[in-house]
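The values are calculated or read from the model by the stated rules, or taken from the named source; none is laboratory data. Here the structure is a predicted model, which is why all the values come from computation and not from measurement. Cβ atoms come from the backbone with ideal geometry, glycine included; neighbour counts cover every protein chain shown. For the accessible areas, the whole protein counts, side chains as well, though only heavy atoms, and no ligand, DNA or RNA atoms are used. Shrake-Rupley method; radii C 1.70, N 1.55, O 1.52, S 1.80 Å.
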Amino acid sequence: MNRYLINLSYIGTRFRGIQRKIDKTVGQFKDPHTVQGVIEEALLKLRPVNEPLLKLSSRHPRFDIVTFATVAKMFEGMHDFRTFMAVAKGNPRQQEAMHSLRRIDQITVERGQNMTAVFNREQTEQFYDFWDVRIRGRSFLYRQVRRMVGAWVAAAEGRIDERDIYRMLTVPSQNSWCSNVFVAPAYALYLCHVEYDPNDLNFPSAEHESDHEQLSGTIAQS
């Protein structure tokens, strides 16, 4: 899937705002009365392989990276991440009390690189900052990382504060989730490194193999 940056300005007289409105009661996803709806409908005429989806940023909202990194550090260590777990169908284990206990070993926030296309890279770097967030842990819950990052972004943009983060983290419940938090998109998430215990990579010695063969033979004879 290709991503493109569009810089636009518009006269809003004939529009009902820039963001597309969705009427879930009738399943209506097209909106010819908003800027986003008109642009997405126009892009469909190009017959794209994937349905076009416009991500809006009309004012380049204030993003406090210090706040982002501060609240992210609160998530290191062992916690019950039930608030940040999305419910997956067909997984009865997620109802178990200990299932949502996870340990995060380290979280780092570092300045990242611009990955946009070459022809608009210079303009993109003029208006945007890029940050790499690395989260190291043994295992994660369904959508845990995307929901955590979404909460950190909400705090960095001032939609929630540190007390909201603390409540979501210390009162593990789906009811603790703040409605002002939006789950981070999936396209920015990827597995970047896998670590193993060096001892797990060692082949068993010849003596241990002999003991194993002898034990197997004893079991087979009995």
Open item on the list: Every residue in region 116-169 that is farther than 14 Å from Thr67 by Cα, at pLDDT 95 or above and more than 17 Å from the chain's Cα centre (by Cα), please.
Closed with: Arg167
TODO: Could you please find all residues in region 116-158 being surrounded by fewer than 16 Cβ atoms within 10 Å (Cβ to Cβ) and aromatic (Phe, Trp, Tyr)?
DONE: Phe119, Phe127, Tyr128, Phe130, Trp131, Tyr142
Open item on the list: Pairs please, first residue from region 140-151 and under 15 Å from Leu101 (Cα atoms), second anywhere and among the acidic types (Asp, Glu), Cβ atoms under 9 Å, 6+ apart in sequence or on different chains.
Closed with: none
Task: Within region 36-52, tally of residues that are farther than 18 Å from Phe15 by Cβ and part of a helix (DSSP H, G or I) - done: 1
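Find the residue count for region 169-182, including only residues that are open to solvent by less than 60 Å² (accessible area, probe 1.4 Å) and under 11 Å from Met85 (Cα atoms). Can you show your working first?
Of the residues in region 169-182, the ones open to solvent by less than 60 Å² (accessible area, probe 1.4 Å) are 169, 172-173, 176-178, 181.
Right, trim to under 11 Å from Met85 (Cα atoms) and you get 172-173, 177.
Counting residues in region 169-182 that are open to solvent by less than 60 Å² (accessible area, probe 1.4 Å) and under 11 Å from Met85 (Cα atoms) gives 3.
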